[in-house]
Each structure stands twice: as C-alpha cells, then as structure tokens.
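This report refers to the structure that appears directly beneath it.
The values are calculated or read from the model by the stated rules, or taken from the named source; none is laboratory data. Just so we're clear, the structure is a prediction, and the values are computed from it rather than from any experiment. We place every Cβ from the backbone using ideal geometry, glycine too, and count neighbours over all the protein chains shown. Ligands, DNA and RNA are excluded from the accessible area calculation, which covers all protein heavy atoms including side chains. Shrake-Rupley method; radii C 1.70, N 1.55, O 1.52, S 1.80 Å.
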Amino acid sequence: MADRVTVIGWDGSPLTAAARSALSAATLVAGAAHHLALPEVPPAAERVRLGSLSLAARRIAGHRGTAVVLADGDPGFFGVVRALRAPEHGLEVEVVPAVSAVAAAFARAGMPWDDAQVVVAHSRTLRRAVNVCRAHPKVAVITSPGAGPAELALLLEGVHRTFVICEELGTDKEQVTVLTSDKAADHSWRDPNVVIVIGGTGPAATAEPAWLLGRSAAPAAGRGWAHPQIDVGEGESTQLRAAQLARLGPRPGDLVWDIGSGSGALAVDAAALGAAVIAVDADRHSCDRTAAAARARGVQLQIVNGRAPHVLETLPEPDVVRVGGGGAPVVAAVADRRPERIVSHASTRDEAEAIGRVLAEGGYTVECALLQSVGLDPRTWTEQQRNVVFLLAAERPVHRPDRT
C-alpha cells in the first residue's frame, strides 16, 4: 500500500504551500489531463490518468511510495475522497481542499447558497435531479457529460426557470451565462459546468441567517401535514389523506402525480415533504384553489387543468401517483406508466374491486383497507361527521437480480 496518499483540490488558483509540498514528494500522481500538466507535478513521478476511480484506487493501493490525487474543487464535496476511502480499497487519505465548484458558481453569481439544494446529475440520476429543480426555488446541479444544461432544460419542459451556467470554472476559458431554461437546449455547453437553477415560488426571502443547509430561514406555514380542512369529494377526509400520504411516501427526487387534486391539500403536503408535484384537475376552480394553497404553504408545484386519462399522456414519468378521481379507467392509464406506487380510494365495494382488479392485472401488489373516521366535537363528544371509504394502495414489485 502507498506510504501516504494526499488528495489535493484544485480550483484554478495557485496551489497552497501544503499542496506543493505534497506534490514535490510524490512518486505517483493521479488526475485528469489538465492536472497532470501542472508544472508542480514531479517529472519523475508515475502518472495515472483518472478514468475509472476504482482502477486508479487499485493502482494507488499497490504503489510503494507517496501518492497524490489531484481533483477539481473540493474533493470531499461530491468528489473522489468517498471513492478512495471505500472499504474495498482500504486507503487512508489526507485532504488539501480547494473552493468547490458549487461555491465558486454561487460566488460568480453573487448569491448566497446556504438555502440551496445541491444535486449531482449523471445518466442514472438526471431525472431525479430535474425533479429537485421542479420542487425547489434554488438548486445547484453538478453536471456530467450527457446530463448537462441542455438535458436539464429538455426535461424541465413546461416549467419556467432561470439558468446560471458556469463553464470551466477556474480556467482561462471560464464563462458564466444567464438565460431562461427554454433557451438552454439550443446551445452546446463545455464540460465541466455547474448550473444554478432559480425560479418558482419558494419561501419569502429573509435576511435571517440560515442554520440548516438547503433550507430557508423563513418559518414554514404551519407544522405537520394532513391538516383538517373542508375537503372536497365524497369520502376524502383528513384521515384518508394522511393514510394516502403514508402509502405514497413522497421524498426529494420523486415526481408525484395528484390526479383529481381538488382543494390541493394532498399535493401541497407532498410538495412540503420535498417531492416535485404535478396536480391535475379538470375543474378550473379546483386548480385555482390548489395554486392558492401552494402559495400559502410556500411550496411550488405544477398545475395542469385537464381531464384524465387523456391529459396524462404528455406528462413526465411519475414515481408515485394518487388517483383522487376517475376510477378504474384512470387507474389503468396510470398503471401503464409503471410508477412505483399508486394509491386510490373508492366509496363502494364494487368500485374498489374494479380498481383492485386493474392494479393486479397491471402486475402490482395490492392492499385494500376499509377506513372509517368519525369526527367528534371535543366539547360535547358528539359526532360531527362520519366517513367510510375503501383505501387501495399498490406497489410495483422490485425485480432483484439472482445472486445465487
């Protein structure tokens, strides 16, 4: 194993004394082509181009001498330190950090970023990164080839955002471009780049200091979710909403469809839990109510006025779906899109059986419960309202590879 492994961050500025000292003693230096071209790299040192981090880590682990790994920005912030410290390599490293690309991007934009979400976009996570951009008013996206500004813009179609695109930060080719998201797909962008995505209606700006990264210092409009209110739709009680949210489990990176959003209560709760939400309703008044509820809660979501199932054809792929209206035909159309989870409800057993049958035929594992809730006046303990409804929750089986 290498006698010593030092990971040096590089942000385009002159190397620190600690970085120069580590490099001067290195017998192996790993990095990208522009790192290996730095004049401080010892001519006699073995040079390893960083392609596969796993292969480079094995080379370093087998080296007898002093190794240095050069990386852009802060190597401990979505960087190589995690890969090098993986148990299979057994490497203990010393880190000389630099300014991260995200910090540099926000500095170029002159913006604070303690209230920003930070996501990494590559081929496997691009869609989830886009969903975070849908759900939050300030997001920094660390891109990769094939998952850059143009791809972000294409997947954000229909959602207006402003892009601050920072190309090749720290180099003499550095460029910062500000444009609307609908224009970003028309350009070719140089790697590496960071995209700051801004827009929507998030919590009001505040001068108060933040205390938790990625969260606004502005207080949320109320604590908890599934608050009691005047619900619309037969059987759609607060208790049903709470049970539906529990089965859906919306989380950051998810896209939720709320079909038949009604008052918008469930859509707003899902957005407050960090998910991106598209609320669909055929009634314009219901769409207006949903928009007002989102503004009051300080969350953002996309509202589509149209009738399911036809309006669903052009929507981006969902992760979880609540079907609040339309019955078995709408549930069947949703199941064809293969979300992970679907929840619905029915006021009669015949309707519940029809929905359950459609879900089972679609390959979903289905559970059904008869929920009864009775509202009581705590002053007199007399019954105020009684709701009885069938709750159906379906989950798409996960096919795991055979490990035998």
Discussion item. Which condition from (1) assigned to a helix (DSSP H, G or I); (2) touching a helix residue (DSSP H, G or I) at 6+ places or on another chain (Cβ under 9 Å); (3) among the acidic types (Asp, Glu) is the one that residue 317 breaks?
Written reply: (1)
Item to complete: Output yes when any residue across region 253-276 is acidic (Asp, Glu), free of Cβ contacts under 8 Å to residues at least 60 places away in the same chain and under 17 Å from residue 156 (Cα atoms), and no when none is.
Response: no
Item to complete: Name the one entry in 376, 315 that is closer than 23 Å to residue 249 by Cα, out of contact with any Cys (no Cβ under 7 Å at 6 or more places or on another chain) and surrounded by fewer than 21 Cβ atoms within 10 Å (Cβ to Cβ).
Response: 315
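Taking region 25-65 only, how many residues are of a type in the set (Ser, Thr, Tyr) and at pLDDT below 95? Reasoning before the result, please.
Quick first cut of region 25-65, residues of a type in the set (Ser, Thr, Tyr) only: 27, 52, 54.
Restricting the remaining residues to those that are at pLDDT below 95 gives 52, 54.
Final tally of qualifying residues: 2.
Rundown of residues vs (1) in contact with a Phe, Trp or Tyr (Cβ under 9 Å, 6 or more places away or on another chain); (2) within 27 Å of residue 130 (Cβ to Cβ); (3) open to solvent by 20 Å² or more (accessible area, probe 1.4 Å); (4) in a strand (DSSP E or B), yes/no style:
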position	(1), (2), (3), (4)
286	no, yes, no, no
290	no, yes, no, no
329	no, no, yes, no
334	yes, yes, no, no
338	no, yes, yes, no
350	no, no, yes, no
360	no, no, yes, no
Fill in: Those strands (runs of 3 or more DSSP E) lying entirely in region 50-152 with at least 3 residues over 16 Å from residue 32 (Cβ atoms) and open to solvent by less than 20 Å² (accessible area, probe 1.4 Å)
138-142
Discussion item. Just to be sure before I move on: is residue 22 free of Cβ contacts under 8 Å to residues at least 40 places away in the same chain, over 24 Å from residue 174 (Cβ atoms), hydrophobic (A, V, I, L, M, F, W, C) and open to solvent by less than 50 Å² (accessible area, probe 1.4 Å) in the structure I sent?
Written reply: no
Worksheet item: Looking only at region 216-250, which residues are surrounded by 14 or more Cβ atoms within 10 Å (Cβ to Cβ), modelled with pLDDT of 75 or more and in a loop (DSSP other than H, G, I, E, B)?
Response: 225, 226, 227, 237, 249, 250
